[in-house]
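Novice: Mind looking over this structure? Questions follow.
The values are calculated or read from the model by the stated rules, or taken from the named source; none is laboratory data. Only a predicted model underlies this, so the values are computations on that prediction, with no experimental measurement involved. Every residue, glycine as well, gets a Cβ built from its backbone with ideal geometry; the counts of neighbours run over all protein chains shown. Side chains included, ligands, DNA and RNA excluded: accessible areas come from the protein's heavy atoms. Shrake-Rupley method; radii C 1.70, N 1.55, O 1.52, S 1.80 Å.
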Amino acid sequence: QVNSFQFMSNSLVLLRGEWKKGYGPKQMDVETLLRDCGAQIASSVSSFINRLSERRISASNSDTSFIIICDESKTNSQCGISGNLQHEIQQICANKNANTYLKIVNSNYLFDCVSCAEFIDTKESQYAPVAPTARKF
């Protein structure tokens, strides 16, 4: 049985952005909190894309959640969602079931989930990333 605080044990998380000092939480603090919640942090963008692509192509009923947590970057060039990652997200968003396993959020989402000890609805605009590219998904 999973500890109630380990509610993210079936999650693969990718952190994107520059995580500059003075702009929201520190990346190290977010990583620590994610590990404490049982999440697996992607070691690279390519490993995240590979797993995400496998999930999309197989259309399996895997219970893995894919979460991209963006920092407070305000520009597209700083947000870290571009190239292959952006292409894969676009492919997934073309699928009506995308929101069942992919979430693109700001760090407030993580803190609110921890407060509730469960995943919460990401439809609220308060969890949308700041950068326009990340926000459009």
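Novice: Could you run through the stretch 15-41 and say how many residues are open to solvent by 50 Å² or more (accessible area, probe 1.4 Å), under 14 Å from CYS70 (Cβ atoms) and in a helix (DSSP H, G or I)?
Specialist: Number of matching residues: 1.
Novice: Please give the number of the condition ASP112 fails out of (1) farther than 18 Å from GLY24 by Cβ; (2) in a helix (DSSP H, G or I); (3) open to solvent by 30 Å² or more (accessible area, probe 1.4 Å).
Specialist: Looking at each condition in turn, ASP112 falls short on (1).
Novice: Next question, about the same structure. Is there any pair linking a residue in the stretch 40-51 that is free of Cβ contacts under 8 Å to residues at least 60 places away in the same chain and closer than 14 Å to GLY80 by Cβ to one that is small (Gly, Ala, Ser) and part of a helix (DSSP H, G or I), with Cβ under 9 Å and at least six apart or on different chains, and which?
Specialist: Close Cβ pairs satisfying both conditions: VAL45/GLY83.
Novice: With respect to SER44, is the statement that it is among the hydroxyl-bearing types (Ser, Thr, Tyr) and surrounded by 15 or more Cβ atoms within 10 Å (Cβ to Cβ) true?
Specialist: No; evaluated as a whole, the condition is false for this residue.
Residues checked against (1) open to solvent by 70 Å² or more (accessible area, probe 1.4 Å); (2) in contact with a helix residue (DSSP H, G or I) (Cβ under 6 Å, 6 or more places away or on another chain); (3) of a type in the set (A, V, I, L, M, F, W, C):
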residue: PHE48; (1), (2), (3): no, no, yes
residue: ARG55; (1), (2), (3): no, no, no
residue: ASP71; (1), (2), (3): no, no, no
residue: ILE81; (1), (2), (3): no, yes, yes
residue: ASN84; (1), (2), (3): yes, yes, no
residue: GLU88; (1), (2), (3): no, yes, no
residue: CYS93; (1), (2), (3): no, no, yes
residue: THR122; (1), (2), (3): no, no, no
residue: ALA134; (1), (2), (3): no, yes, yes
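Novice: Return the total of residues in the stretch 66-101 being outside any helix (DSSP H, G or I), closer than 15 Å to LEU12 by Cα and modelled with pLDDT of 90 or more.
Specialist: Total satisfying the criteria: 5.
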